[in-house]
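Accompanying notes for the structure given below.
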Amino acid sequence: MKKENEIAIEIKGLCKNYKMFERKRDRLIETLIPNINKHTEFSAIKDLELTIRRGESVGILGKNGAGKSTLLKMITGVVSPSAGTIKVNGKISSLLELGAAFNPELTGEENIYQHGQVMGLNNQKIEETKQDVIDFADIGDHLYQPVKTYSSGMFARLAFACAINVDPDILIVDEVLSVGDMAFQLKCFKKFEQLKKKNKTILFVTHSINDILNNCNRAIIMNEGCKIFDGGVKEGVENYKKLITGMLKEKTKEEKIEDNKNEKTVTGILGVNDEKVEWKKYFNINPDVIQYGNKEAEIYDFGMFNSKGEPVSIIDSEEETIVKLKARFNEEVECPTFSMTIKDFQGKEICGTNTNYLDYYTGNCEKGKSYICEFRQKFRLAPGKYTLSLSCSKFDYNGEIVVLNRNYDLMIFEVMSTKKFVGFYDLNTQAYFSEIK
């Protein structure tokens, strides 16, 4: 039996439904005439059971619309549940909507006092923490100017500093760590480490797999308002990777009931090994892809896969990843060259290769036939999002490159890594140190 003082948050039978109206006037009609029903219902949270213990750092993952933010807003009291109970033990500081308690007409310094009062601090406590907030925000003399004159970055830094320096028992973070530069983000994560050492509870919602891996000891996956996974971080990340490529099997009603009883889930994985299966449907395809070429060959399907043959759009930098493409030839082509290129979101080419560089002879490709090309490697890239470009070309009789089909920024993928290094690429360096005798 769980001890009461070990539980930070306990949720039972939690539901949140929203009324959906097709037209604005339908809302007015239903308000004026209660007996008329003009709405449908959307279930943002469905019968959720969840217990979070003191000292846990819980990462909540899920696609957009999964119910993550709705859950956090109910825990903090911003949104009322439609059914169920939420029991919170301790003071909450939330980073949901930064600066919600700020007055834009007041200076940054004045807003430090106002935020502290909203959080229930007396003037003595505010004075004790004021310098910590100022040092953490690090916005210089702007502190003494009205907040309405701040840039979005300065505003976010001050709001973050106020929220994180009130000594909370429970800290709730929702997609706000993109504020500020890298040095400021590093400062935020160091603060999280300090809170964890003090046995504080942290709920952390983000789309960054790396942030979850580096800062959490438990992972929860939400999907369509339901908790579909609750367990270890590494296992959670693997299941999330499968979820976003559609490879996480939907559980039966009986399995969901059993999950709620045991506070864990059992997931089923569907394999994709059949070459006749369309691969690209499992991935985030760029709608603005740039395509050109003479169409003597066409790349009509593609994907990224792990060593088990499962599609992956979130890639572990330490594991082998297979880039595969299918090409259909409309003309006979001798020894075509297939290539792949990785670019960052600023359009900078990070790395790439092709079958010609690899001295791989692709042979004579016949008209009307289709072929598969594979590239196997470890993407030792810095954590972040990238695009994959694929192309097929050939050399003419003069040695000039002829593009058959080129696809720039074809699909989007993400690299995750727990290793720390500088720049775009991990050199996989080994360091040695010894005394000179």
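Laid out as a table, the results:
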read-out: Candidate residues Ile221, Ile86: accessible-area rank, largest first, probe 1.4 Å; value: Ile86, Ile221
read-out: Radius ratio Rg over Rh of the stretch 1-134, counting only Cα atoms, Kirkwood formula for Rh; value: 1.07
read-out: Length-normalised contact order of the chain in % [C-alpha pairs under 8 Å, at least 6 apart]; value: 13
read-out: Structure-based [θ]222 nm, the chain - -39500 (n - 2.57) summed over DSSP H runs of at least 4, per residue, nearest 500; value: -7000 deg cm²/dmol
read-out: Gained length - Ile33 relative to Ser307, 0.36 nm times residue gap less alpha-carbon distance; value: 92.6 nm
read-out: GNM top mover of Ile36, Ile202, Ile52 - the chain, alpha-carbon springs below 10 Å; value: Ile36
read-out: Normalised contact order of the stretch 82-170, rounded percent, pairs of Cα under 8 Å and 6 or more residues apart; value: 44
read-out: Three semi-axes of the equivalent ellipsoid, the stretch 289-437, Cα gyration tensor, whole Å, largest first; value: 33, 17, 15
read-out: Per-q log10 I(q)/I(0), the stretch 61-110, q = 0.29 Å⁻¹ (Debye; single scatterer per alpha-carbon; no solvent); value: -1.20
read-out: Listed residues Glu22, Glu414, Glu349, most fluctuating in the chain (Gaussian network, C-alpha, under 10 Å); value: Glu22
read-out: Segment Leu358-Lys19, length gained on full extension (0.36 nm per residue, minus Cα span); value: 116.2 nm
read-out: Extension gain, Glu224 back to Phe345 (0.36 nm per residue minus Cα-Cα distance, nm); value: 40.7 nm
read-out: Cβ crowding within 10 Å averaged over residues, with 418-428, 39-49, 108-118 ranked highest first; value: 108-118, 39-49, 418-428
read-out: Cα-Cα over 20 Å, subset of Lys190/Lys378; Lys242/Lys324; Lys343/Lys394; Lys242/Lys280; Lys241/Lys324; Lys227/Lys308; value: Lys190/Lys378; Lys343/Lys394; Lys227/Lys308
read-out: Crossing angle, helix 152-164 versus the chain [Cα axis fit, 0-90 degrees, rounded to tens]; value: 50
read-out: Of all DSSP beta bridges in the chain, antiparallel share, percent nearest 5; value: 80
read-out: Mean shadow area of the stretch 66-149, taken as a quarter of the surface of its Cα convex hull (nm²); value: 7.3
read-out: Alpha carbon Rg of the stretch 112-153, scaled by the compact-globule rule 2.2 N^0.38 Å; value: 1.23
read-out: Within the accessible area of the chain (1.4 Å probe), percent carbon and sulfur; value: 48
read-out: Where labels lie 7 Å past Cα in the beta-carbon direction, separation of Glu109 and Thr429 in nm; value: 4.4
read-out: Accessible surface ranking that places the most exposed of Leu186, Leu381, Leu32 first, with a 1.4 angstrom probe; value: Leu32, Leu186, Leu381
read-out: Hull-based mean projected area of the chain, where the convex hull spans the alpha carbons, in square nanometres; value: 32.9
read-out: Cα gyration tensor, the stretch 91-214 - rounded (a/c under 1.5), prolate or oblate; value: oblate
read-out: Counting all C-alpha pairs of the stretch 353-437, share separated by more than 14 Å (%); value: 78
read-out: Accessible area (Å², per residue) of the chain, counting only protein heavy atoms and a probe of 1.4 Å; value: 54
read-out: Exposure ranking of Lys19, Lys125 by accessible area [1.4 Å probe, largest first]; value: Lys19, Lys125
read-out: Residue among Val333, Val277, Val237 with the largest mean-square fluctuation in a Gaussian network model of the chain, springs linking Cα atoms under 10 Å; value: Val277
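The values are calculated or read from the model by the stated rules, or taken from the named source; none is laboratory data. Please read all numbers here as calculations on a predicted model, not as lab measurements. Cβ: placed from backbone, ideal geometry, glycine included. Neighbour counts: every protein chain shown. Surface areas here come from the heavy atoms of the whole protein model, side chains and all, with no ligands, DNA or RNA. Shrake-Rupley method; radii C 1.70, N 1.55, O 1.52, S 1.80 Å.
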